[in-house]
Amino acid sequence: MINLGIIGTNWITKQFVDASDETKSFELTHVYSRTEAKAQSFVDDLSKSNISISTDLEQFFGSTDFDAVYIASPNSLHFSQAKMAIEHGKNVIVEKPSASNIREFTILDQLAHQKGVFLIEAARHIQEPIFKTVQEYVEKNRDQLTGATISYMKYSSKFDDFLAGNVPNVFSTDFSGGALYDLGVYTVYDAVVLFGQPEDVHYQAEFLSSGIDGSGTLTLNYKNFDVNIIVGKTKNSYLSTEIYFGKKTLLLDNGGDITKVSEADAQKKINEIPTTKSDNPMDSESIEFARIINENDQAAYDKLFGYARKVNRILEQARMSAGLVFKADKEY
């Protein structure tokens, strides 16, 4: 197994560690947190021993007890932390999006090549068997493809705090938050992996008082069809995600955490398509990321990194079309 360091002590980090344990792909050896108490509480909850704890990033990355790091900090910190990790020769798995803008993404790309390490954006849902089923269906019926509507809207657990007058990281331009760079990144990955690079991008955002997008509608224009994406963190949507093939429609229960796939035929009869779904949605990505590192599978890495580059470029194009500016955009 690959020795693993982690940044972040939230639920998504625990889910990745659990997936690593379940699949025997990574072995947690080091935890970074700004406070020792949080790090220790995280380790205690995992019932693990012999785990190093750091509250200083230089000390953390300078240690030799891990070879790969999983980064799940606020979006605006991904760039600086991933850059530091790469400079110390660590392989990096960073939550999506890996950067606040394409300039940061390009710097990380160039540095990873110079240092000979992997920089993997953790788009976990495209690794799941249920997503592979969708891919196979789209490829099989590509000649009939006529567009898609992708929906992923969930009322954020942090929005009540925002309404009370505070500004949580996810609703702050300082931390590169908002609907598009949180739930929206899943939907853009859907579009890129299933349909490729769009010819044009336009994002109509619903802005909050903090200057961030609470929700919005993203349109991706392809040569022969459009993909319409609805994202939001200030409301709940129960719309299916639909991919159109003329008289047939492929139905997904949402655009992010897909749990059910069905086909509606010309007579409006809906048939569920058999597939599998792990209890831990990070199992598949944990297995694949470890395999790429262990086998030095450059071809598989290049494919994933190609997706990440397209997604990050689309995200920036969308933000620019809506006039959504992050603090990170002003720092150069």
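General observations
- If the condition is being free of Cβ contacts under 8 Å to residues at least 60 places away in the same chain and not in a strand (DSSP E or B), then the stretch 240-255 contributes Lys247, Asp253.
- Exactly one residue out of Ala85, Ala39 is open to solvent by less than 40 Å² (accessible area, probe 1.4 Å), modelled with pLDDT under 95, part of a helix (DSSP H, G or I) and hydrophobic (A, V, I, L, M, F, W, C), and it is Ala39.
- Qualifying residue in the stretch 132-146 (condition: in a strand (DSSP E or B) and not hydroxyl-bearing (Ser, Thr, Tyr)): no
- The listed residue being among the β-branched types (Val, Ile, Thr), over 17 Å from the mean Cα position of the chain (by Cα), buried (at least 16 other Cβ atoms within 10 Å of the Cβ) and closer than 21 Å to Phe195 by Cβ, out of Thr275, Thr234: Thr275
- Given (1) of a type outside the set (Asp, Glu); (2) in a helix (DSSP H, G or I); (3) free of Cβ contacts under 8 Å to residues at least 60 places away in the same chain, number of the condition Ala266 does not satisfy: (2)
- Scanning the stretch 88-139 for residues that are touching a Phe, Trp or Tyr at 6+ places or on another chain (Cβ under 7 Å) and surrounded by fewer than 20 Cβ atoms within 10 Å (Cβ to Cβ) yields His88, Arg103.
- Counted residues, the stretch 71-123 - those being among the hydroxyl-bearing types (Ser, Thr, Tyr) and under 14 Å from Phe305 (Cβ atoms): 2
- Qualifying residue in the stretch 47-63 (condition: under 30 Å from Leu194 (Cβ atoms) and either open to solvent by 40 Å² or more (accessible area, probe 1.4 Å) or not aromatic (Phe, Trp, Tyr) (or both)): no
The values are calculated or read from the model by the stated rules, or taken from the named source; none is laboratory data. These figures come from a predicted structure and were not determined experimentally. Quick reminder, even Gly has a Cβ in these numbers, built from the backbone with ideal geometry, and neighbours come from all protein chains shown. Surface accessibility is based on the protein's heavy atoms, side chains included, excluding ligands, DNA and RNA. Shrake-Rupley method; radii C 1.70, N 1.55, O 1.52, S 1.80 Å.
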